[in-house]
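The structure appears below as structure tokens.
What follows draws every value from the coordinates through simple rules; no lab data is involved. All figures in this text were calculated on a predicted structure; none of them were measured in a lab. Methodologically, a virtual Cβ is constructed for each residue, glycine included, from the backbone with ideal geometry; neighbour enumeration extends over all protein chains shown.
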Amino acid sequence: MKTRRITLIVLILLTVLFIVDVRYFGSRSLKEPSVDFNISPGFRQPEAHKSQEFVRPQHDITSLYLKGRHGVVELSSAEGDEIRVQAIIWSDREEVLEVVEVKESISGRELSYELSSDLEGEEVGLGFVVEVPDGMEVTVEHQFGTVRVEDFLGFLNLDTRFANVNLNDVEGTLTIKNSFGNLNLQRIAGPLQLTNAYSTCTVELLPVDGGYDFDIEVVNGSLKHNAGFQVNIGGNNRVGAQGKWGEGVHPVHIRSNFGSVVVNIDK
Amino acid sequence: MTRFFRLLRKDLQASLLPLGFLSGITLIVMLFTRVRIATGSWPMETALAAVSLPLVFMPLWLLWQSFQTLRVEWREDTVYTLLVLPVPGWKVMLAKLAAVCIEYSVLLGVTVFGTLIFFAPQVQLAMEVLPGSLWAVRNGILVYLFSLAMLASVVIFVQLAFVVSRMVGRAQGLVALWTLFLSSWLVDLCGSLLAPLFRWLPALSLDKLFRLYEIEAGIVVNWRLASEIGSWLGILGLFVLTGVLFEHFVEVNG
Amino acid sequence: MSITDQALIISNLRKKYPKVEALKGVDLALPQGEIWGLLGPNGSGKSTLLKCIIGLVKPDGGEIKILGQVPSRRTKAQIAFVPEVENLYRWMTVRQAIDFTASFYEDWDEGRIPGLLEFMGLDPDKKVSSLSKGMRARLKLILALARKAPLLLLDEPFSGIDPASRDRIVEGIVRQFKSEVQSMIISTHAVGDTEQLFDGVVFLDEGTVSLQGNAEDLRDQYGKSINDLFKEVFA
């Protein structure tokens with residue numbers, strides 16, 4: 001009995017203290033939480049930037065390699081035989097800009113541009129504005145940013161992660177590897193090899209002579225197309241579509257995991 | 001420590017049956033889901049919901065288990081054995097707490113094992129976009145330890161609530177719920193009151209551990225230790241109190 | 001008799017439950033080396049008294065001295081208690097129950113176990129849940145008698161069990177009890193032929209001691225057996 005009485009008294013006292021706490025010190029509950037979860041904070045607003053320009057005659061250079069991050073990459077074909085590359089380096093500290101620069105190198109027939117050092121722990125962004133002669137092979141590796149390709153004629157290889165990719169009026173051979181970023185390919189003509197994961201992907205193909213030979217497989221996602229042949233539903237949450245449009249000369253090979261794929265032919 | 005381990009072994013042995021049952025159910029749900037995916041019968045959303053079901057159920061079961069592990073001693077009169085043992089109350093409580101934590105770890109292990117076995121392609125796919133298996137293991141362990149600490153604190157609240165409800169003897173459910181509520185408030189109060197004493201401690205930043213690739217994406221965690229330490233001291237205090245109450249003030253049925 | 005000769009001294013012990021006052025100022029002194037019977041009908045406070053001694057319920061007043069000490073973790077180590085209820089873990093085997101209990105008491109005498117198991121007719125590999133009530137009562141007694149505890153408290157050890165088990169338990173107590181170093185209280189509401197076990201008796205009636213003393217003295221004083229006296233007092 002004694003124990004019960006004392007326990008009840010303690011509970012009542014604590015309840016009174018709780019009421020007093022809520023009534024008079026209520027703001028205490030608004031204290032900042034002890035744990036912050038910040039999901040995908042991305043790149044902080046850059047404080048400073050600098051740009052470097054490179055202009056080279058094409059001569060026997062057949063391919064261009066660009067490695068960027070955070071910034072915007074803009075690529076297009078232009079008349080003439082000059083390769084024009086404007087590199088824009090971003091950082092939130094001026095001191096970083098003083099030590100970092102874009103390195104140009106030539107290896108065989110390949111010209112490449114990338115940051116001179118990795119500067120571990122520093123937030124540095126690198127974007128490009130590039131014009132190349134028709135028919136060149138261009139490889140772009142980019143993460144966290146945007147890649148825009150317009151009016152391009154040639155061989156294009158893209159390796160992108162966490163980036164939005166927009167292609168308009170691109171003619172040639174395309175090889176794209178993309179994850180965690182939306183992919184929007186408009187008015188594309190030519191063979192296409194696309195590997196995609198965790199993103200939405202829209203492909204609008206131009207009707208070209210010779211037509212297309214489709215081989216599409218989507219795992220854990222959806223597939224829509226207007227090429228006129230059937231979508232097969234397989235095991236393991238796998239859907240696929242194989243078939244020819246026209247004579248089936250240009251291969252369109254798409255593999256996608258965890259994402260939706262829309263393929264349209266602009267008839 | 002022999003006595004503690006003997007108590008722990010007893011509590012683990014007592015929960016072998018439900019633990020085995022739940023582990024089996026988890027694996028069966030996974031296997032069933034795997035078959036449904038393979039035959040294309042279920043869309044990914046349904047499959048994910050089915051696989052998540054045991055994970056959602058697990059914390060509820062553990063909470064129930066932490067309550068049940070004490071309640072069953074009274075229900076089956078084995079508390080007559082437990083209360084006459086010449087061991088400190090905190091050892092009895094610690095054994096029960098450790099048993100629940102081990103059960104959680106086993107269930108989690110079974111879930112991870114099942115995922116690796118039945119969903120290997122999906123896991124492989126997920127691993128492709130992560131910085132590496134070492135990253136996954138390191139962060140997995142970190143998340144596991146964090147969840148274990150959370151579980152332990154909740155179990156301590158439940159133990160205190162149960163012991164207090166036994167001491168009052170009437171309206172036990174209501175008293176237990178109110179004690180649960182008051183104890184979480186007390187711990188919060190401890191955290192606030194003691195925080196100024198620990199202001200000198202820096203916030204523990206776990207962002208590097210959580211980085212995706214080498215860049216600032218993913219989950220950044222800033223853990224302010226000042227108020228956390230106060231809260232954990234409060235929880236420790238409640239644990240000691242539970243042990244003392246259990247040893248000296250709790251009674252068997254009249 | 002000096003205080004040090006007493007295994008247990010209880011003064012003015014009181015305990016109240018919400019609806020009943022179980023103990024109303026009980027005084028008791030148990031001499032060392034003796035077996036005393038705590039006698040009384042159901043609800044007279046016998047179990048509550050034993051629970052107070054071992055610490056399973058908390059008295060509201062009065063004093064308990066066990067071998068000169070107040071109840072504590074240390075006195076728990078000195079008492080072997082057999083409760084009236086089924087306190088065994090049912091999922092354990094007989095062996096597991098023995099090992100579990102053994103690991104908590106320094107006075108455990110493992111050497112006694114084979115003999116006790118054989119005498120009580122218990123299979124160590126059997127599960128507790130598969131034992132009959134009488135067999136479980138025997139096992140509870142083994143767990144108490146395997147210890148060299150200075151004080152043994154047996155709460156209704158003969159209640160609701162078959163005559164064969166009852167006889168075994170009585171015989172077991174007689175065989176294992178070491179009067180040089182041990183004292184014992186056996187509570188019961190049916191005296192019967194267990195009367196011969198008792199060196200002294202306490203009659204508990206509605207929470208108060210109505211009669212206590214040396215069994216032989218009481219027989220001489222009232223000219224009756226303890227059993228007859230019990231029937232007369234609680235008629």
Highest-MSF residue in chain A out of A:104, A:123, A:95 [GNM, Cα springs under 10 Å]: A:95
If you add up the charges near residue A:10, with Lys and Arg at +1 and Asp and Glu at -1, over every other residue whose beta carbon is less than 13 angstrom from its beta carbon, what do you get? +3
Please compute the net charge surrounding residue C:100, taking Lys and Arg as +1 and Asp and Glu as -1 over other residues with Cβ under 10 Å from its Cβ. +3
By how many degrees, between 0 and 90 and to the nearest 10, does the Cα long axis of helix B:2-14 differ from the longest principal axis of chain B? 60
In the neighbourhood of residue B:102 defined by beta carbon distances under 14 Å, the net charge of the other residues (Lys, Arg +1; Asp, Glu -1) is +1
Spin-label point model (7 Å from Cα, Cβ direction): what's the residue A:267 to residue B:112 distance in nm? 5.3
What whole-number distance in Å separates the alpha-carbon centres of region B:73-145 and region A:226-267? 45
Per-residue ellipticity at 222 nm for the protein assembly as shown, helices alone: DSSP H runs ≥ 4 residues times -39500 (n - 2.57), over residue total, nearest 500 deg cm²/dmol? -13000 deg cm²/dmol
Relative to the longest principal axis of the C-alpha atoms of chain A, give the angle of the C-alpha long axis of helix A:2-24, reported between 0 and 90° and rounded to the nearest 10°. 60
Percent antiparallel among DSSP beta bridges (both partners in region C:152-231, rounded to 5): 60
Which shape class, rounded, prolate or oblate, goes with chain A when its Cα gyration tensor gives a ≥ b ≥ c as root eigenvalues, a/c under 1.5 marks rounded, and past that a/b bigger than b/c marks prolate? oblate
For residue C:76, counting only lysines whose alpha-carbon sits under 16 Å away and dropping same-chain residues fewer than eight positions off, the answer is B:91, C:51, C:58, C:65, C:148
Can you tell me how chain B classifies by the Cα gyration tensor, rounded, prolate or oblate, using a/c under 1.5 as the rounded cut? oblate
Expressed in angstrom and rounded, the centroid-to-centroid distance over alpha carbons for region C:1-58 and region C:185-235 is 15
About its Cα centre, what dipole magnitude does chain C give when the only charges are +1 on Lys and Arg Cβ and -1 on Asp and Glu Cβ, stated in debye to the nearest 20? 960
Antiparallel bridge percentage (DSSP; both residues within region A:182-267; nearest 5): 30
Within chain C, what percent of beta bridges assigned by DSSP are antiparallel, to the nearest 5? 55
Karplus 3J(HN,Hα) series, Hz, for region A:220-226 with 6.51 cos²θ - 1.76 cosθ + 1.60 (x for Gly, Pro): 6, x, 10, 9, 10, 7, 10
Just how many pairs of Lys in chain A have C-alpha atoms closer than 24 Å, counting pairs that are eight or more places apart or on different chains? 9
How far is helix B:133-168 tilted off the main Cα axis of chain B, in degrees rounded to 10, range 0 to 90? 30
Note down the nm distance, to one decimal, between modelled labels 7 Å out along Cα→Cβ at residue A:222 and at residue A:5. 7.1
Which of the aspartates and glutamates could a cross-linker bridge to residue C:19, judged by Cα under 18 Å and excluding same-chain residues fewer than eight apart? B:251, C:60, C:205, C:206
